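Just so you know, all these numbers are worked out from the coordinates, no wet-lab data involved. Bear in mind that the values here come from a model prediction, so they are computed numbers and not experimental data. Here the Cβ positions follow ideal geometry from the backbone for every residue, glycine too, while neighbour counts run over all protein chains shown.
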Amino acid sequence: MILLKNLTKIFGNFLAVDNLSFEVPSGEIFGFIGPNGAGKTTTIKMLATLLQPDSGNAWIDGHCVYTDPEKVRMAMGYMPDYFGTYDNVTIFEFLDFFARSYRIPPKNRTGTIKGCMELTDLQKLESKLVSSLSKGMKQRLCLAKTLLHNPNVLILDEPAAGLDPRARIEFRSLLRELRNMNKTVFISSHILTELSDIVDSVAIVEKGGLVVSGNLQTISQLSSKNHTEVRIKIHSKEKIETALNVLENTDEIINVHNENDSILIEYSGQTENLYLVIKNLVNADIPITEVTSSQSNLEDIFMRVTQGEVS
Amino acid sequence: MEFFDKYINPIHLLGLRSHLRTKRFLYTFNLTILLMIGAMLLGFFFMSMERMATASIGKSLFMIFSIMQYIVVSLVFPAFSCTAIISEKEGKTYDLLVTANLSPSDIVWGKFLSAFTHCAMFLISSLPVVMMAFLFGGITPDLLAITYGVLFAYSALIVMLCLAISSIYKTITRAIIASYVVIIVLNSFVSPVLFYLLVDYLYFSEISRFFISIGGYGSLNVFLTIYIMPPFLFFSLIFAPYLVAKNSLRTYANNRSTALRAYFVIFGTSLLAIFLTYYINTIFSVGQKLDYEMIIVSSGFCFGVVGLLSLIGAIGFAGENAVPEKFVMKRLSEYLKAGRIRKIFNWKLFITLLGPGSYRGGRFVCTMSILWMLIFLVGTMFLVESLGIKNNRFFKKYTHSYIEQLAISGLVVFSFTYFFCMLSTFLSFRIKQAGFRRAILFCISLFLVVLLPLYALFYMEAENYFGANLANLQYLSPSLCFGLSLAPVADLKTTYYNYLIYEIPLHYYHIFIYLFIGVIFHFQNRRSSLQRWKKLEEEEQEILNMK
């Protein structure tokens, strides 16, 4: 698990990270999101023992990043947002270099490297030069390097940036596989749709400070001030007016508005009573094709909380 | 193989795997060997035209080979290491190295081994070329072994120096420029000495006669001079850039100065021990009396090295945060109050007590250098007073007593050390982000642009060569100038430049000016330290109020 307590970093007069405190439970995929310049990479660099915190502290897998950086590095795998590679070596030699750096014993080294290559689907390219790899393949290579020493915690900074759609889908399934292996994955990304499918909890930061953190449902409820946003898709456009009338006359509905072939409502009642709203619509002969609660939509939460709706 | 496997540095292996495959290495390697063969053949062509004796041809060819090798070492070898660390940072691979649990010393050591292996390949591959000289005679295998030993040692020094520079600078271009500037300066120190040693070995054998005069081969004095002093100087010189490189790669700024302090204590004390051994051995082997000339030469050399070490320290500590002493002491007392007594014996806390902080570092260097000199002076005085002195020829020449003479030399070095320590501390209080690099550049440029030309003019006058002559260029050699600045006062001739005011030699002006400016800087540093302390207190109070 990862624990941050009052973590602060100042560059000159610029407060990059301001008293950041939250906890990442073990075995979860944790999304760390925020707009550009929010201090995400700075926080990740402090967790990865690459930057010295000005005050506060952080623990990874029970080891303090400030006093035990060596133990932290052995417990964690770090994949930076931008990284370089050594071009004149083969993929195997590249991984062998990191395996040696992590002091993996010679007996297990080749097996470990092959295992990581298999996990990241690189085994066919073993003897290819790193310089000949595409961006997506280099991302895989870096992930393979990150997994070499079998860390409990993975810190991935924008791992899906620059990948094509197929590679992203594969990457997501790889992350799920890692979760199944009971690894804690701390992932920072701008592509929120990517994260919303896989993350268990998130922390949203803005201007260096923590806006909100916790699991997705809790945040969603918090961010909507006990309102649940529901999107109701209706098959026939002619019936939308009728549906709007029905909904406006229903109790516990605060706001209703039309958006193309859907109606968006803000429901203030108990979630378990939401079916009554749907029942009213069905009784009024409205052809509903889809009902989605927007509480798990990470993009919406992000937009709401970073605009100051929750603070 | 598994036994050796754990001793292989991964960066060394990666360096060999990646660089030896490049075309650049192949071209440089072949071109260098071809140039060396070309120079040897051209030299042989001209020598055969002059119908020289075969032994002379052999010696001259060996000279050409050695000079060519020296040029290769100075021009090609810096290229192997001057971008080694900065290219990792620019190529965004440095973070991967750090998080792969490679310590700063692993990185520096791996990069050093990688670059040095390349250098060794160049040096060893040119061995068949020098065999041309052996065909003509006049060369001994001993000379070849010594030359190669010196070339390997000098290559190692250059590689480590360039590594240190590459760890400090933030762009590849700047690192390359700075490396070559430093190598040119270093060559101006080293090349006259190496050239003199080679010419002397080949043609004159003056050094051999000197060794015989101080006790002969097999005596402890000669043993110290040949087998102890060169490795000592080599390690003391190579260790400083190693520490600089290692310190600048540390992620966390705490405890940076610890190794530098240890470096001072170990090398300064070893130097003192070597010179006191010289003295004591002289008493027991040469004639129960100290040789006056030897005292002067030894003290000059000893103080010179102390000055050089102090200069490295002053510049090294300039990179430290200017943390006031009170702040460190307060942290210590907080630990005590919190009841964590056991922590006192924790080495990390012990180090906190010693430093960091450029102000503390500067004072540490000054204290250590004056301590070494005092031990040296008191030791010399004690030995001379109890055992007497021989060689009155020199003694009569001096108007001052021998101890006053040594004290003046010591004070010259101390004033120099004090001035530089306080100057670098002053700079680190004022330059925030890039303090280290700017402080180094400022100190070095001050040394090269102001002090050396002054010394050059001074000693040109002292040696009565103050006329238009190309040979005067030799006085611009920093090694010569720094060495001469420690020359005995009595050696100075009574000229206008040496004695600006009647009977007050320039050494006294030197001491006065440096100490005076040093004291001004010291007061400024003290003021800045107190201001910093007040600011820290205010910040702390603010945090407490917020809570």
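Over 14 Å, how big is the tail of the calculated P(r) for the range B:1-89, in percent of all Cα pairs? Tail of the P(r) past 14 Å holds 76 percent of the pairs.
A cut-off of 5 Å between modelled amide H atoms, ignoring neighbours fewer than 5 places along the same chain, links A:Ser201 with A:Ile29, A:Gly31. I need the calculated FRET efficiency for the pair A:His235 and A:Asn19, taking r as the beta carbon distance and R₀ as 45 Å, to the nearest 0.05. Between A:His235 and A:Asn19 the formula returns 0.35. Derived scalar couplings between HN and Hα for the range A:48-61 equal 7, 6, 9, 9, 8, x, 6, 7, x, 8, 9, 10, 10, 6 Hz in order, rounded to whole Hz, by the Karplus curve 6.51 cos²θ - 1.76 cosθ + 1.60 (θ = phi - 60°), x for Gly and Pro. Note on B:97-109: average number of Cβ atoms from other chains within 10 Å of each residue's Cβ is 5.
Note on B:Ile517/B:Phe189: beta-carbon distance plugged into 1/(1 + (r/R0)^6) with R0 of 25 Å gives a FRET efficiency of 0.50. Potential lengthening of the chain between B:Phe234 and B:Ala79 amounts to 53.7 nm, from the contour at 0.36 nm per residue minus the alpha-carbon distance.
Go through A:175-184, A:37-46 and give me the packing order, highest mean Cβ count within 10 Å leading.
With the highest mean Cβ count within 10 Å placed first, the list reads A:37-46, A:175-184.
With a Förster radius of 25 Å applied to the beta-carbon distance between B:Ile67 and B:Leu34, the computed FRET efficiency rounds to 0.90. A compact globular protein would have a Cα radius of gyration near 2.2 N^0.38 Å; the ratio found for chain A is 1.19. Counting, for every residue in A:77-87, the Cβ atoms of other protein chains within 10 Å of its Cβ and taking the mean gives 5. With a threshold of 32 Å on the Cα-Cα distance, the over-threshold entries among A:Lys135/B:Lys23; A:Lys114/A:Lys135; A:Lys135/A:Lys183; A:Lys183/A:Lys233 are A:Lys183/A:Lys233. Modelled spin labels at B:Leu387 and A:Ser293, positioned 7 Å past Cα toward Cβ, are 9.5 nm from each other. Summarising the label geometry, the points placed 7 Å from Cα in the beta-carbon direction at B:Met121 and A:Leu264 lie 6.4 nm from one another. Taking 0.36 nm per residue of sequence separation and removing the Cα-Cα distance, the A:Thr250/A:Leu3 pair yields an extension gain of 84.4 nm.
Counting Lys +1, Arg +1, Asp -1, Glu -1, what net charge surrounds A:Tyr267 among other residues with beta carbon under 9 Å of its beta carbon?
Computed value for this residue: -3.
Close amide H partners of A:Val89, meaning residues 5 or more places away or on another chain with modelled amide H under 5 Å apart, are A:Val130, A:Ser131. Across the range B:126-143, rounded Karplus estimates of 3J(HN,Hα) from the backbone phi angles (6.51 cos²θ - 1.76 cosθ + 1.60, θ = phi - 60°) give 8, 4, x, 5, 6, 4, 4, 5, 5, 4, 9, x, x, 10, 10, x, 4, 4 Hz, Gly and Pro being marked x. As a length-normalised measure over Cα pairs under 8 Å and 6 or more apart, the relative contact order of chain A settles at 20 percent. For A:Tyr78, nonlocal amide neighbours, meaning residues 5 or more places apart or on other chains whose placed amide H falls under 5 Å from its own, are A:Ile155.
Among the residues of A:144-157, the average count of other protein chain beta-carbon atoms within 10 Å of the residue beta-carbon is 1. Evaluate the Kirkwood expression for the hydrodynamic radius of the range A:225-294, namely the inverse of the mean inverse distance over all pairs of different C-alpha atoms, and round to one decimal in Å. For the range A:225-294, inverting the mean 1/r across all distinct Cα pairs yields 11.8 Å. Couplings 3J(HN,Hα) for the range A:128-135, derived from phi with the Karplus relation 6.51 cos²θ - 1.76 cosθ + 1.60 (θ = phi - 60°), are 7, 6, 4, 5, 8, 7, 7, 4 Hz, where x marks Gly and Pro. Net charge of the neighbourhood of A:Thr184, taken over other residues with C-beta under 13 Å away and scored Lys/Arg +1, Asp/Glu -1, is -2.
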